[in-house]
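A short write-up of the structure that comes next.
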Amino acid sequence: MSTDVIDHLAGIEPASRLDRLRDQRPEARRNAQLSYLALFAPDSPGAVTLAERHAVAAFVTGLYQDAGVARFYADRLAETSVPLRAAIADEIEAAKTTGPYGSYPAEGPLAVESVEGLRYRVRDRGALGGDRLAAALEHAHLLTFRPRESSPDALRALVDAGWTTPGIVTLSQLVAFLNFQVRVIAGLRLLDATQNGLPS
């Protein structure tokens with residue numbers, strides 16, 4: 001994608017107030033786009049296939065229930081696999097929740113901040129082609145809604161499902177980027193709606 005993906009998804013027009021605002025942080029803008037390209041249009045997919053990348057993206061963005069962003073990634077997934085798009089849509093329905101959740105040690109000072117919530121497990125592993133993608137979705141849900149519970153055991157579940165260390169690193173980068181991207185887009189839309197604090 002040659003167009004800046006955040007501009008596209010946030011509906012930012014050239015020379016608009018938001019365009020000028022983003023221009024005040026050119027390196028941040030450039031690096032966000034380079035991150036998108038590295039994750040979704042790599043020279044070589046390596047340990048994570050393009051279908052897996054887009055499936056995870058469709059899943060994570062679908063959890064945020066932002067129709068425009070979710071549709072963008074679901075459409076990218078459909079270019080690779082229409083059946084997988086349908087399977088991901090089913091899993092999103094099972095995985096929707098709010099958060100963050102997670103538990104702190106009972107004796108620790110943060111124990112009062114422990115909040116219980118959904119512990120998502122894939123409904124139909126077969127529709128996702130088996131354990132590998134299923135484990136990736138469960139890990140993506142963990143990082144999105146229960147980040148304080150990320151642990152060696154969580155990583156071991158990925159390894160047991162066939163993920164290599166480079167693949168796990170890429171998967172974690174994907175989830176981190178998507179969470180960042182969705183929040184940035186939401187913030188930009190809010191600024192556009194209120195227009196408070198924007199230079200004229």
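Structure values in brief
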quantity	calculated
Those residues of segment 118-130 which are within 22 Å of N179 (Cα to Cα) and surrounded by fewer than 14 Cβ atoms within 10 Å (Cβ to Cβ), in sequence order	R119, R121
Any hit, segment 144-156, residues being of a type in the set (F, W, Y) and either over 16 Å from R53 (Cα atoms) or touching a strand residue (DSSP E or B) at 6+ places or on another chain (Cβ under 7 Å) (or both)	yes
Selection status of A74, within 18 Å of L133 (Cα to Cα) and of a type outside the set (D, E)	yes
Count of segment 53-71 residues which are part of a helix (DSSP H, G or I) and either at positive phi or surrounded by 18 or more Cβ atoms within 10 Å (Cβ to Cβ) (or both)	13
From V159, V184, residue being outside any loop (DSSP other than H, G, I, E, B), crowded, with 16+ Cβ neighbours inside 10 Å, aliphatic (A, V, I, L, M) and out of contact with any Asp or Glu (no Cβ under 8 Å at 6 or more places or on another chain)	V184
Filter result for the condition that a residue is at pLDDT below 95, of a type in the set (S, T, N, Q) and surrounded by fewer than 14 Cβ atoms within 10 Å (Cβ to Cβ), over S114, S2, S81	S2
R189 being out of contact with any Gly (no Cβ under 7 Å at 6 or more places or on another chain), surrounded by 15 or more Cβ atoms within 10 Å (Cβ to Cβ), basic (K, R) and more than 21 Å from R85 (Cα to Cα)	yes
Enumeration of residues in segment 83-139 that are part of a helix (DSSP H, G or I), of a type in the set (V, I, T) and in contact with a helix residue (DSSP H, G or I) (Cβ under 6 Å, 6 or more places away or on another chain)	I88, I92
Residue among L84, L133 that is touching a residue at least 60 places away in the same chain (Cβ under 8 Å) and over 30 Å from L188 (Cα atoms)	L133
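The values are calculated or read from the model by the stated rules, or taken from the named source; none is laboratory data. Keep in mind the model is a prediction, meaning the values are calculated, not measured. Glycine also receives a Cβ, built like all others from the backbone with ideal geometry; neighbour counts cover every protein chain displayed.
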